Every structure is written in C-alpha cells, then in structure tokens.
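Notes follow the structure.
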Amino acid sequence: MNRRLLLSSTTLIFLVAATLAGPAAQNPPPAPKRPLTVAEATDYKATSRYADVMAFLREVQKMSPYLRLETLCRSTEGFDVPLVIVGNPVPASPHDPRIAKKAVLYIQANIHAGEVEGKEASLMMIRDVLQPVLLPYLDRLVLLVAPIFNADGNEKINPANRRLQPGPEQGVGVRPNGLNLDLNRDAIKAESPEVRGLLRNVLNRWDPILLVDCHTTDGAYHEQTVTYSWPINPNGDMNLVEFQRSKMLPAIEKIMKEKYGTLGLGYGGFRDSRAPEKGWETLEPQPRYITNYIGLRNRLAILDENYVHADFKTRVKGNYDFLFSIIDYCYANAEPLLKLIADTDAKTVARGLAPKAADVFGVEFDLRALPDPITVLGFEMEIVQREGSQFPQMRRTDKKKTYTIPYFADYFQKRTVPLPAGYLLPAAPAEVVENLLLHGLVVERLVEPAKLEVTAFKIKEIKGAANLYQGHRMNTVKGEYAVETREFPAGTIYVGLAQPLANAAAYLLEPESDDGLLVWNFFDRDLVGQWSREPAACPVYKLMAPALLVKQTIR
Ligand SMILES: [Zn+2]
C-alpha cells in the first residue's frame, strides 16, 4: 500500500517522504499548526513576496524555538535580507561551543528572482525540519538559509517575466538586483550588497562546509526534474572537486530517487541540439559563479537547477526533495565531511609554506568529457520553421528517447604558471585591499622595507572588452614574466599563500588569472601611466620563495 495516497496535503506528503530513511524518529508530541507558503496556499498559482517570507518566518518562530533570524545584508532598495539560523539548540553565534562538532550547511535561494522554486522549497524545508519527527537532523547539522537572497528582484513580480516556464501564473520576479547586477556573476568583484553580505555574514562568519545555490534551467527538454553541478574550476582542490563529482553528488542523486521519487541529472545542455549524440555540456568554469567560487575556498558547493519545463508545483517539489536528499547525505556523513574539509585546508596551508615546482595555477582551461557518459531521459526532436523567425528551430516531440552520451564537465588546466609563496602589492589601491579583506583573506602590510627577488609580469598589451559586461569592460592582458630584485617599501601589501583561502587569493591576484581583479578593472588606474602609451608592469609581484618579512596583519 502506498501510504502517500492516504494523505491529502502536499506538505504532509513531502514530510512523510522525508521521514522514511532519516534519523531515528523520537516519540513526537502533537504537532502545532504549520503555516503554509504562498505557493502552497494558492495551489501554486503565486509565489511569496518579501512580506510573505517574513510573515511565514514569524509564524515558524511561534511554532519552534529552534530558529533565529540574522540579517544577511540590506539590499539596494532597502530590504533587510534574512539569514535564518536553524539548530537544536539554535547557536548564539558561530563560536557557540554547542555546535563545534556539527556540520554547518548554507542554502541560498532566489538569487535570480525569476527562479523562485528554491524560495518556496527552502521555506517549506525550514518549517518541516522543525517538526518533532525530523528534529534529529539537527543533532548533527546547523542549517543556514537565505530564502530570498535577491529581494529587490523578487518584488518586481510580473506574469510577463520568464514566460518560458509554466507557472506560477501570477508571475515571478526579475534576474538582477537593485543595481542591475547579476548576483551569480559577482562572486569575485563583490560589488553588490548581497554578495558582500554573503562573504561577510555567511562565509567568513559561519564558514559553512557546503553552499547550495538554487536556480532554474533555461533550455533542454528531459524527464529529470532536478539538475545539479559541483564546483568545476580546476584551480580548486582537485581532490575535493573529484569527491563531489564522483561520490557525493551521485549518492545524493540516489537518495533523491529512492527515498523521494525525484530524478536528478548533471547540469548541462546538448552541445548541438540537432545532434544530441555529440554530448551534454556544463556551465563555464569561472569563479564569478558562486558555486565555482566556493570550490576555491576549499568548501563544498552544489548548484541546483530545477527543470524549467515542469509545472511550478513539480519544480518546487523537486527542489524540496533535493534539499532533503542533501540534508540526508550530510547527516549521514557529517563527521567524514568535516574531516575532509579540515584535511584540505591543512594541505593548502602546507603547500603555501613551501611551494614546489608542481604547484601551479591554471590561466587557460580546456573542457573534456568525463570518464563516464551521462544518461539524459529526453525526447525525440524535430525541426520546425516558426512564423516570423528567419531560422528553423528545434522542437521536442512527445516521443521519449534516452540519450547516453559524453558529458563535457571536466575542465582542466591547459596553460599554467607557478604558484608563489605570496603576492606583493607595493601601491595597492584601497578598493583592492578592501576586496581582499572582504573575501576573508589574511592580508598583511610590510612594517619595514624589504629587498626581494620577485617575478614581475611585464604587460605588453592590454585590451578592454568592446562590450560592457556587468558594468565593466573586462581586461585581457598579454605579457611576459621577468625575475628581478626590487626594494619594497614599508606599507607594501603582502598576501601569503600559507592560508586556507590560498586558491581564492591566487585567483584574485595572479596577473594572468582569467577572472581576477585585473580583469575586473581594479588596477586600471595603475596599468598605464600619464603621458604614456605603454602599459606599466602589473602592480602585483610574485614572491616565489618564502622570505622572512617584518609585517603586520590588516583588519
Ligand atoms: Zn539562475
């Protein structure tokens, strides 16, 4: 007998499904009345506005003592973006000794406010995980949730937004925040209040071992309703990347299928929709994407992309099932995950203390297929000529077709440069220092001048992009390296790589980094002198061998 059929409310169906293989159930006292999300209360015709989210969280607070609200940031348009802390006991701060052995997970939704499933699903998850029967999850886990990361975008709800997706019929918000920025391209330059809040008040403050970022896909047709990715930039710790790709996410996909009945698929699209057999391809590797950036911090990250062509209720259920599958996995593996993270940090610090020739940083990448193919439960496609369109387009038929094809999701380093012991910035602009501190790096200042042998990058050519992107004309540089001995004055900024965030530091500061601060115009004032047409040397020098420096940490 299917006990799910006996229950009428969607919430209860989700809740019962979530109990099937979770932690051992305790004797539950009678459950208090649970609030409904706007999606549930309107039979999935509408999504929550900011005021609805805050009202829902207040109702949950009346139901349970195990959650507390912090503020992630104040948005450009004046919304206090909530960060929900869920724990038993709810920790007073990240340093609360009662959570010392627990795994802190961070779930972020609505970064693109037209992609609203995560907002509804994460609110439902907060409510349901606090039901007595599921409370044992909180014996090992602390959950941080930002259900409405892009509140500015959310409040522009309009049925005309994202018309590609079926429902909610009363509309969804828009992609950018109040500064017209795409927050999932802001992880490096960190110009938005939301990403600055993420860095300061979530990542640096709570140091979650895992970040989940909830989105909705834009393209291909398939039966799987949840697609996902791991951090894919090859300048992250590859042991960690490989663990997530080949162990953690397949295990989570299995839980989601077997326990919740929802199918998952590695994120991507057909390389050529006219010839699907050519393969399935993932997103770009740059760390301006938040989940890729998290990989550089030696932490775990999951990009959730809900299947756009499913109806709204199915998309929310898929996202909800995915969140509980992730929680199931982290509950079962909390201890080894914490150890893996700690070991990776220790390994990174040890590398920075004594860099070897094999320690390199990729400045160009290539993409190849993973060892195993991927199976996309798709449909046969047909070519149609749409009215008003010059070009024929592909359209799905109703005939199912399974494609087992190469999965292009393995970025690898094509050209590398050696990693130094640290970087010296003799005349660092204030916004550079501010950005480095915002990322949580250990930044120091020379107290005494030092004469050092360094590697300089002599820029031979610098080009700003013809097109504006996220408010920038991104730089590309060409040049060559030269070893030289220079006098660095007191006040020179030093960023050493014997720190856990070394991979992020290198990405920000390497002169040829494809997504670093030089690319994002942070050094523009210093790259060409007045009356000069020739570019200057890159103002970041690489100290290749560790040296004893008299310096002081900046806070
Ligand atoms: Zn998105």
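The values are calculated or read from the model by the stated rules, or taken from the named source; none is laboratory data. No experiment lies behind these values; they were computed from the predicted model shown. No Cβ is skipped: glycine too gets one built from the backbone with ideal geometry, and neighbour counts run over all protein chains shown. Side chains included, ligands, DNA and RNA excluded: accessible areas come from the protein's heavy atoms. Shrake-Rupley method; radii C 1.70, N 1.55, O 1.52, S 1.80 Å.
Can you say whether Gly178 is over 28 Å from Thr344 (Cα atoms) and modelled with pLDDT under 95, as far as the supplied structure shows? Answer is no for this residue. Do we have Pro65 as at pLDDT 95 or above, under 22 Å from the mean Cα position of the chain (by Cα) and closer than 21 Å to Met125 by Cα here? Considered against the rule, which asks whether it is at pLDDT 95 or above, under 22 Å from the mean Cα position of the chain (by Cα) and closer than 21 Å to Met125 by Cα, Pro65 comes out as no.
Among residues belonging to the range 78-101 that are within 21 Å of the chain's Cα centre (by Cα) and under 14 Å from Leu141 (Cβ atoms), point out the one that is nearest to the ligand (Cβ to nearest atom). Across the range 78-101, the extreme among qualifying residues is Val84. Scanning the range 207-224 for residues being open to solvent by 20 Å² or more (accessible area, probe 1.4 Å) and more than 16 Å from the ligand (Cβ to nearest atom) gives a total of 3. Residues in the range 181-206 that are assigned to a loop (DSSP other than H, G, I, E, B), over 20 Å from Asn233 (Cβ atoms) and more than 16 Å from the ligand (Cβ to nearest atom): 1 in all.
Just the residues that are surrounded by fewer than 21 Cβ atoms within 10 Å (Cβ to Cβ) and within 12 Å of Phe408 (Cβ to Cβ), please, taken from the range 267-278. Once the filter is applied, which keeps residues that are surrounded by fewer than 21 Cβ atoms within 10 Å (Cβ to Cβ) and within 12 Å of Phe408 (Cβ to Cβ), the range 267-278 yields Gly269, Arg271, Asp272, Lys278. So, of the residues in the range 169-180 that are open to solvent by less than 10 Å² (accessible area, probe 1.4 Å) and part of a loop (DSSP other than H, G, I, E, B), which turns out to be farthest from the ligand (Cβ to nearest atom)? Of everything passing the filter in the range 169-180, Gly171 is farthest from the ligand (Cβ to nearest atom). Pairs meeting the criteria (first residue in the range 454-468 and closer than 26 Å to Pro418 by Cα, second residue open to solvent by 50 Å² or more (accessible area, probe 1.4 Å) and acidic (Asp, Glu), beta carbons under 8 Å, at least 6 apart or on different chains) are Phe457/Glu480; Lys458/Glu480; Lys460/Glu480.
For Ala505, the criteria (1) open to solvent by 10 Å² or more (accessible area, probe 1.4 Å); (2) within 30 Å of Ser192 (Cα to Cα); (3) modelled with pLDDT of 95 or more hold in every case but one, which is (1). Counting the residues of the range 450-508 that are of a type in the set (A, V, I, L, M) and touching a Gly at 6+ places or on another chain (Cβ under 9 Å) gives 12.
Being open to solvent by less than 10 Å² (accessible area, probe 1.4 Å) and modelled with pLDDT of 95 or more is a description that applies to Leu296.
Table: residues versus (1) β-branched (Val, Ile, Thr); (2) loosely packed, with under 12 Cβ neighbours inside 10 Å.
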{"site": "Arg473", "(1), (2)": "no, no"}
{"site": "Val495", "(1), (2)": "yes, no"}
{"site": "Leu527", "(1), (2)": "no, no"}
{"site": "Arg555", "(1), (2)": "no, yes"}
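Each residue in the range 76-106 was checked for being in a strand (DSSP E or B), touching a Pro at 6+ places or on another chain (Cβ under 7 Å) and open to solvent by 10 Å² or more (accessible area, probe 1.4 Å), and 1 pass. Listed conditions (1) assigned to a helix (DSSP H, G or I); (2) at pLDDT below 95 are all met by Asp272, apart from (1).
Of the strands (runs of 3 or more DSSP E) contained entirely in the range 329-422, those carrying at least 2 residues that are open to solvent by 20 Å² or more (accessible area, probe 1.4 Å) and within 26 Å of Asp514 (Cβ to Cβ) fall at 360-369, 407-418. For the range 207-237, the tally of residues that are among the charged types (D, E, K, R) and in a strand (DSSP E or B) stands at 1.
Leu164 meets the stated requirement of being within 15 Å of the ligand (Cβ to nearest atom), in a loop (DSSP other than H, G, I, E, B) and modelled with pLDDT under 95.
Checking the structure you have, find out if any residue of the range 107-122 is more than 16 Å from the ligand (Cβ to nearest atom) and open to solvent by less than 10 Å² (accessible area, probe 1.4 Å).
no
So which of Phe322, Phe312 is under 30 Å from His439 (Cβ atoms) and at pLDDT 95 or above? Criteria check complete, one pass: Phe322.
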